[in-house]
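Computed from the coordinates by the stated procedures, all read-outs in this text should not be read as laboratory data. No experiment lies behind these values; they were computed from the predicted model shown. Note that we place each Cβ from the backbone using ideal geometry, even for glycine, and neighbour counts take in every protein chain shown.
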Amino acid sequence: MMRLTLARRKILWAYIFLAIPILFFAYIRIYPTIFAFQMSLHDYNPLAIEHKYVGLENFQKLVAEFNNLRSPTRAAFLNTAAYVVLGVPIQLLLALAVALMLNEIRFLSTFYRLVFFLPFVTSTIAVAWVFRMLYQPQFGFFNVILQAFSLPQQPFLSRPQQALPSILAVVIWQGLGYAVIIFLAGLKQIPQIFYDAAQVDGATRWQSFRHITLPLLNPTLVFLIVLQTIAFLRMFAPVLAMTAQGDGGPLNSTTTVVLRVYREAFQSFNMGYASALTVTLFAIILGITIIQLRFTSRNIQ
Amino acid sequence: MKNFKFSLMILALLTILSAGFAAAAQDVVEIEYWQYFFEPRETAMNMLIEQFEAANPDIHVVHNSQIAYDNFRDEIAASAPAGVGPDVVTLFYGWIPAFVDAGYLVPLPEADFPAEWIESYFSPMVAESKFEGSYWAIPTAVRSLAMFWNKDLFEAAGLDPDTPPATLDDLVAMAKQATVYDGNGTDILNITSEGFAIGMSAQDHHWFREVLVRQFGGVPYSEDGRTVMYNSPEGCEAFKYLLSFEIEHKTGSNDLFTDVTEAFVNGNEAMHIDGSFRLGTIANNNPDMNYGVAELPVGPNGERSTFGSYWTHGITRRAAADPARMEAAVRFLQFITTAEAGTLWVNEVGELPAQLEAASDPAMLEDPILGPFAAGLEYAHATFFVDETVQRQVLIDAYDQVRLGGMDACEALNEAAATEQALLDDFWAARGS
């Protein structure tokens, strides 16, 4: 019989304990993911018993829809790209600016952090509904303010040109607190001694920021870029709650890939096609994440 | 020692209870019934189930009505793969083709529900849901569209509070007169109280398809429901009429006051087209509103039409898998679709009885609020939907293409028809017929 050393036995026990969450994850998260891959190759109606194997037909339909200028699927992919391309940089720039300021203040600093973090812990649906009211074309808060300054009223959510930025603004605002807190944690990690040394050398505040803060904040930045990109790619609830009947309108101007997945799967019962969309989104997220990690995570000396 | 005695007592109690259940289970067939949550519907169905179980002591009905309206389809879709769910299900009539296509519903047995009986006993729109030669569901109640008008807003605008619009021309004239602007202009954003507004995502896509298109001399679909025909010159005239309220006359918009339904319920819209189910919303949210209900305005040739729809009850393949459950489901379905059930339903829920016998009750026809809806049942049309969500969306988008995108009305309608036709073709191609 093999005799285990104490250290080996410890490791063995660790694996035994880890097995439980791993089994849980395998069943709750990994198995459904694999199942989605399988569904994407079938004509899968959730109400039906038999699901016909259709090969890559669902993916061919996806390509055809993407090439159709008016299709909601094309709009969903393009809008999702717009949410990411606009949302991630704007949110992170704002968050960094706020974090730098919060890092300076001492008086009431906890209160200010709380104010920025509060939206993040509020229910997305509640936030979306409140903003839907604030955006009302006539008597909504924003238009009342505009009118008070004799500025023209804005349609916000009710016009294709303004609807996406209007929703994006809410999402950026709501997620800002999270990015601020992570940035603050990153800033606290930077030893004060570097700044003191720079000051002695006569560096300006900008130079300190450019050559000390930014490089040393890089791991935090990478973490946030990856996480927020994934979050924007998976955008769903705010659009569902802020558009009429949750249709991602007007004229598909705000719809997202995940919203399409939901509508195809549960309103049209095209679970196979919805899975094909999911698998495609999964591939996109995976690809973008790998590229981001490769290009942004270099070690700073 | 004390603990031991206590455990023994519990054990004895459990044995007796389980034996009792086992004995009961042998005699009583249990079936499950599902509907979406709406309190009056839940109450009405509980009353029907109580009566049914008293008359049929060998059947027990489990009533699941704790599903939010918006999630109802999701819940059914989630239950089906798990092999659980209802034996008798209440579904929107427009879902029948999709549910049949999936093999989820079984045809109503001809012996228990003869086609002749269905066609003579129920409102004609029920027969329109015959699919591939069979009936798959029958309803307790039906609903139709009618014109709601706010008498106080009429009076304030100098209109006779007791005269609703009788024709489509009246509707335009009265909508213009009843619209109140803020004094800085007469654009949509200057409106402080709407005359009449179009809400395509509410009921107005139905009003367009089944009412306006017909009144302007067109037909929405071919006889067999497989070809879209509303994109005819007549249909386009109807569509332009629909668009004129917001684009030309500026009498209201779905963008104002949250949406058209909220606008009317909160007293910000003088006229509004809606179904009988809205009576309950008004009673709950604005019980003091002084309003009336009239039949929809007639068309240029005096033609009447309205859109009829209903939530209907079908038997699922889960029930059909077991003869005893199937028999229980048939008896339950028969019980909840009688004229008596229809009468109970109208009193509790406010939806009209689906049975001609109960719907022709003189007291109901004379009722100033229910009467106009009941009158509409005679000439109501129910659209044959294969995917209601998508078929509604194409018309919402056509309307928005003109309103927001500046597209030509006929072109937008053609585009909608092409998208919808592709959907219909796909559906029928997959049915292999």
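For region B:23-174, the calculated P(r), taken from all Cα-Cα distances in 5 Å bins from zero up to the bin holding the longest distance, is 1, 7, 13, 14, 15, 15, 10, 7, 7, 6, 4, 1, 1, 0, 0 percent.
Compute the signed sum of charges (Lys and Arg +1, Asp and Glu -1) over the other residues within less than 14 Å, Cβ to Cβ, of residue A:160. So the surrounding residues net to -1.
Other protein chain C-beta atoms within 10 Å of residue C-beta, averaged over A:242-253: 5. Look at the alpha carbon pairs under 8 Å that are at least 6 residues apart: their mean separation over the length of region A:65-296 gives a relative contact order of 28 percent. Shape analysis of region B:55-131 based on the Cα gyration tensor places the equivalent ellipsoid semi-axes at 24, 18, 13 Å, largest first. For region A:86-106, backbone nitrogen atoms closer than 13 Å to the point 7 Å from residue A:190 Cα along Cα-to-C-beta are found at A:96-104. Around the amide H of residue B:298, modelled in the peptide plane, lie the amide H atoms of B:167, B:168, all under 5 Å away and 5 or more residues distant in sequence or on another chain.
Computed per residue of chain B from DSSP H runs no shorter than four, each worth -39500 (n - 2.57), the mean residue ellipticity at 222 nm is -13500 deg cm²/dmol. In chain B, the DSSP beta bridges split such that about 70 percent are antiparallel, to the nearest 5. Dimensions of chain A along the principal axes, based on C-alpha atoms and rounded to the nearest Å, stand at 87, 74, 32, largest first. Taking the empirical scaling 2.2 N^0.38 Å for compact globular proteins as reference, chain B has a Cα radius of gyration ratio of 1.11.
For residue B:361, no residue 5 or more places off, or on another chain, has a built amide H under 5 Å of its own. Beyond a 31 Å Cα-Cα separation, which of these cross-linked pairs lie in this structure: B:130/B:176; A:52/B:130; B:151/B:240? Violating the 31 Å Cα-Cα cut-off are B:130/B:176.
Taking the DSSP bridge list for the protein assembly as shown and keeping only pairs wholly inside it, about 70 percent are antiparallel.
Sorting B:47, A:101 from the fewest to the most surrounding beta carbons within 10 angstrom yields A:101, B:47.
At most 16 other Cβ atoms within 10 Å plus a DSSP loop assignment makes a site exposed; report the longest stretch of chain B without any exposed GluC sites (Glu not before Pro). Answer - B:304-433. Ordering B:333, A:42, B:412 by the projection of their Cα atoms onto the charge dipole of the protein assembly as shown, which places +1 on the Cβ of Lys and Arg and -1 on the Cβ of Asp and Glu, puts A:42 at the extreme positive end. When restricted to Cα atoms, region B:197-278 yields an Rg and a Dmax of 13.8, 41 Å, respectively. Solvent-free Debye calculation, one equal scatterer per alpha-carbon of region B:115-227: log10 I(q)/I(0) at 0.13 Å⁻¹ equals -0.72. The Rg/Rh ratio of the protein assembly as shown, with Rg taken over Cα atoms and Rh as the Kirkwood radius over Cα pairs, comes to 1.03.
Size of region A:116-263: Rg and Dmax of its alpha carbons, in Å, are 20.1, 61. Helix B:2-27 and the longest principal axis of the C-alpha atoms of chain B enclose an angle of approximately 70°. Shape summary of region B:110-149, radius of gyration then Dmax from alpha carbon positions: 12.5, 46 Å. Evaluated on region B:183-319, the Kirkwood hydrodynamic radius is 16.7 Å, with distances taken between all distinct Cα atoms.
FRET efficiency for the residue A:153 to residue A:35 pair, using the beta carbon distance and R₀ = 56 Å, is estimated at 0.70.
Along region A:171-178 the Karplus relation, 6.51 cos²θ - 1.76 cosθ + 1.60 evaluated at θ = phi - 60°, assigns HN-Hα couplings of 5, 4, 4, 5, x, 4, x, 5 Hz to successive residues, with x for each Gly and Pro. Taking amide H atoms as placed 1.01 Å from N in the peptide plane, the amide H of residue B:181 lies under 5 Å from those of B:192, each 5 or more residues away in sequence or on another chain. In vacuo Debye scattering of region A:242-301, one point per C-alpha: log10 I(q)/I(0) at q = 0.25 Å⁻¹? Each listed q maps to, in turn, -0.97.
For region A:223-231, the Karplus equation 6.51 cos²θ - 1.76 cosθ + 1.60, evaluated at θ = phi - 60°, returns couplings of 4, 5, 4, 4, 5, 6, 4, 4, 4 Hz by residue, with Gly and Pro reported as x.
Listing A:208, B:123 from fewest to most neighbouring C-beta atoms within 10 Å gives A:208, B:123. Each Cα pair under 8 Å and six or more residues apart adds its separation to the average, and for region B:13-167 the resulting relative contact order is 19 percent. Using 0.36 nm per residue and subtracting the Cα-Cα separation, the extra length available between residue A:11 and residue A:222 on full extension is 72.8 nm. Summary value for chain B: 24 percent relative contact order, contacts being C-alpha pairs under 8 angstrom separated by 6+ residues.
With neighbours defined as other Cβ atoms within 10 Å of a residue's Cβ, the residues B:230, A:262, A:27 order from fewest to most as A:27, A:262, B:230. Computed from phi, the 3J(HN,Hα) profile of region B:351-361 under the Karplus parametrisation 6.51, -1.76, 1.60 (θ = phi - 60°) reads 7, 6, x, 7, 8, 4, 4, 7, 7, 9, 4 Hz, with x in place of Gly and Pro.
Positive end of the dipole of the protein assembly as shown (Cβ unit charges, origin at the Cα centre): among A:175, B:179, A:185, the Cα lying farthest that way belongs to A:185. Distance from the alpha carbon centroid of region B:217-259 to that of region B:288-341 works out to 26 angstrom. Simple point charges give the picture: +1 on the Cβ of Lys and Arg, -1 on the Cβ of Asp and Glu, and for region A:65-296 a dipole about the Cα centre of about 120 debye.
The chymotrypsin sites (Phe, Trp or Tyr not before Pro) of region B:132-169 include none that meets both conditions, a loop assignment by DSSP and at most 10 other Cβ atoms within 10 Å of the site Cβ. Computed over all pairs of different Cα atoms, the Kirkwood value for the hydrodynamic radius of region A:178-301 is 17.6 Å.
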